[in-house]
Structures are given as C-alpha cells and as structure tokens.
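The values are calculated or read from the model by the stated rules, or taken from the named source; none is laboratory data. All values reported here derive from a predicted model rather than from experimental measurement. Please note: Cβ atoms are built from the backbone with ideal geometry, for glycine as well, and neighbour counts cover all protein chains shown. Protein only, heavy atoms only, side chains kept; ligands, DNA and RNA dropped before computing areas. Shrake-Rupley method; radii C 1.70, N 1.55, O 1.52, S 1.80 Å.
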Amino acid sequence: MPRRVVLAMSGGVDSSAAAVLLKRQGYEVIGLFMRSGATEDETVCATAGKNALPILSSKGHKQGCCSASDAADARRVADVLDIPFYALNFQDAFGRIKDYFADEYLAGRTPNPCVMCNNWLKFGKLWDFARQVEADAIATGHYAQLRPVPGEDRPALVQGADDSKDQSYVLFGITRDLLDHIIFPVGGYEKPAIRELAREAGLRVADKPDSQEICFIPDNDYAAFVRRYRHVDEMSGELVDTAGNVVGRHEGYHHFTIGQRRGLGVAFGTPRFVVAIEPETKRVVIGTQEVLARRELEADGLNWLVPTIPAHFACRAKIRYRHASADAEVSVDGDRMHVRFAADQFGVTPGQAVVLYEGDRVLGGGWIR
C-alpha cells in the first residue's frame, strides 16, 4: 500500500507542485485547505467522525463554504490531479494567531505570524487531521529539506536548495519528534523549476504570483486590523530622539518596527531609524544607524531540532527571515539564551525569531526579547 500523505494546499504554485511531486513518487495524497474564518452556513458542514475537525467540503469538490479564490484554486488543482480535497474551518486556531499578532504590536513588539502558523496550524492541526485519516505523514510547499544524520534518531532540518526562497527560518518551531512525519517535496528545487513543473502538469496556478500579504489581512493594512481587532482608538504619540527631545508626532506606534527608516514623517540631514518603541508612553524613539547597532540579544521560548545542545557553542544566527546569518556565540540557560554576534547587527527586533544554524542545518531558535 502506498504511504498516505496529507498535503497543506494553499492554492499557490508551491503546494500545487508539491502535490504533483508526491503523486509521481507514488504517495496517496489528500489535499487540505485551511480556512481562517467562520463558515457562511454551518448546515452544509459535516465531520469526519468522533472528535474530528469540521469538514467543509471533500471529494465532491462542491463550492460549499469555501468561496475564497485561493480555496477555489486549490480545489481545481485537486480536480486536475484527481486527489481527495478537504477544506477545514480552523477559525479557532486562526483566532489564536490573530490574538498573538495584535497583542504583540500593542506590546511594542513585531510579531511573526508565519512562524506561529507553522507551529500551531501547519505542523499542529495538520498533523491532528492526518492522524484522523490514518495518514503516515504531512507535507507542505515550504522551501526546506530534511536530511538523515548518521547516529541520530531524527532527520535534520536544512535549508532549501533555492537560497532566494529558503524558508527554514520560519520552520524552527517545529516539534523535533514530528520531523519523521514531514515531507517537503519542493525543497530540493529552485522556484523556476517548480513553476515549470506546474505548467507541464497543466495547472493554472503555474504563473500565479507569490502571496505577499498576511492571510487573515487580505488588504495588507495590518495597522487597521490591530485597531479594529482589539478595539483600540488612541495609539498616537510623540516621535522623540534618543535624548528625549520631541521631533514630531505619529498616528500609532503599531505602525513602526525596530530598524524602520521609511515612513517616519520627519526629515533629517542624515538617515534616521526607529531604535525603540515605548508602548506605555506611546513614544517612538528614532536615532542614527550607530545607535541601532547591537552585538547582543536575549531570547526565550526556545525550540531545539537537535538531540542535545551544549550550554555554550558557536554557530551562525539569523534575526529576520531575509537577514543574512552572522557568526555568533550562544549561551543557553534553561528556556533562555544569550546570543553575542561577532559584528554589529542592525534591526534586532523584539518579537522576531533568532534562528541558529550550523552550516545549512537549523539547530533551533527562540524569540527575541
């Protein structure tokens, strides 16, 4: 019997190409689209058994509750490839992500909802559903790879073959025990090859642009979302320099992130950056690039993808998804770690993840405080 795999299908080219690759490799593929909102008509929904997650539509591919264009694209791909397709309502789980997203901004931090979505949904709820349908593994369209390591009981998470698309950073929070049950079909390919593969398979999504917005904020106006979601009216305040002098006003401190240069609303003779956000006073502090520089950071909420981790070790560390990794020394104390870089880093941002690498392997990471 072929191994049964549940594939997270977003309606994009990467997960669609992943479905093609899995079928070619002989897997029994089940497609799953994760809906973020409430269903329009609960009466059309069914369940897959006792304690099962609510299924909105399945093999019949009827429109049902899924009317979003991405869900429709995913369903069409499933039709072309003749694989079962489910659209499930994950409103509660997405609600947790929305809570986290809004509350981080209100606390003056910059959230990373993609990491949390991976932790809670794609490698949490997705695996729950996979076990309900007796699948052996789950798969996604992430650009990352898993590599066996001699002498270790789990594969290593390593960077994808396409450096420009590598998504290993946003996967650091995966539970290590789950690595045996994950497949990244597109991780060994570069993006142009994936588009060509989808094109050859006759999939309309072959040339679909990559999504740039947060899935639960389709208009990309995250600041308005925070105000609306948490019913906050007044977030405006003062723009100050590092000496505390008022240099202007802003319309809401949740519009800013550490290291931001554009959109400050004031002009100086030399570049200025956001160097601190003070939610208690609603002040946003701006300063020069020299003030922005950091050699050290603290992180908590640690997750490790290696069997053991020493108290002190050298590695390379990334402080943002698009950040180039840099040489660092790490000291671990329980659920906290101290990271000291060999050179200045710019834009060390509370709320973002710091992810540690040994070569192309992800060791683990945590949340910058």
Answer residue from segment 277-333, given it is among the polar types (S, T, N, Q) and not in a strand (DSSP E or B) and is surrounded by the fewest Cβ atoms within 10 Å (Cβ to Cβ) among those: 308
Yes/no for residue 246 being more than 20 Å from residue 348 (Cβ to Cβ) and modelled with pLDDT under 95: no
Residue within segment 164-182 that is among the polar types (S, T, N, Q) and assigned to a helix (DSSP H, G or I) present: yes
Near pairs, Cβ below 7 angstrom, 6+ apart or cross-chain, from segment 323-337 (free of Cβ contacts under 8 Å to residues at least 24 places away in the same chain) to any residue that is open to solvent by 30 Å² or more (accessible area, probe 1.4 Å) and of a type in the set (Lys, Arg): 326/316; 327/316; 329/340
Selection count where residues are assigned to a strand (DSSP E or B) and either open to solvent by 70 Å² or more (accessible area, probe 1.4 Å) or out of contact with any Lys or Arg (no Cβ under 6 Å at 6 or more places or on another chain) (or both), scope segment 262-276: 3
Verdict on residue 348 being among the aliphatic types (A, V, I, L, M), more than 22 Å from residue 288 (Cα to Cα) and either part of a strand (DSSP E or B) or touching a residue at least 24 places away in the same chain (Cβ under 8 Å) (or both): no
Criterion: open to solvent by less than 50 Å² (accessible area, probe 1.4 Å) and more than 19 Å from the chain's Cα centre (by Cα) - qualifying residue of 244, 160, 173, 187: 244
Qualifying helices (runs of 4 or more DSSP H) (wholly inside segment 91-146; at least 3 residues being of a type in the set (Asp, Glu)): 91-106
Hits in segment 221-261 - residues which are closer than 23 Å to residue 319 by Cβ and either acidic (Asp, Glu) or part of a loop (DSSP other than H, G, I, E, B) (or both): 242, 256, 257, 258, 259, 260, 261
Whichever residue in segment 195-241 is open to solvent by less than 70 Å² (accessible area, probe 1.4 Å) and basic (Lys, Arg) and, among such residues, is nearest to the chain's Cα centre (by Cα): 208
Extreme residue, surrounded by the fewest Cβ atoms within 10 Å (Cβ to Cβ), among residues of segment 53-87 that are at pLDDT below 90 and within 19 Å of residue 4 (Cα to Cα): 59
Qualifying residue in segment 294-303 (condition: touching a Gly at 6+ places or on another chain (Cβ under 8 Å), farther than 13 Å from residue 354 by Cβ and hydrophobic (A, V, I, L, M, F, W, C)): no
Residue pairs meeting the criteria (Cβ under 6 Å; at least 6 apart or on separate chains; first without any contact (Cβ under 8 Å) to a residue 24 or more places away in the chain, in segment 157-173; second open to solvent by 20 Å² or more (accessible area, probe 1.4 Å)): 166/159
Test: residue 204 is of a type in the set (Lys, Arg), closer than 29 Å to residue 15 by Cβ and in contact with a helix residue (DSSP H, G or I) (Cβ under 8 Å, 6 or more places away or on another chain): yes
Qualifying residue in segment 110-119 (condition: crowded, with 17+ Cβ neighbours inside 10 Å, in contact (Cβ under 8 Å) with a residue 24 or more places away in the chain and hydroxyl-bearing (Ser, Thr, Tyr)): yes
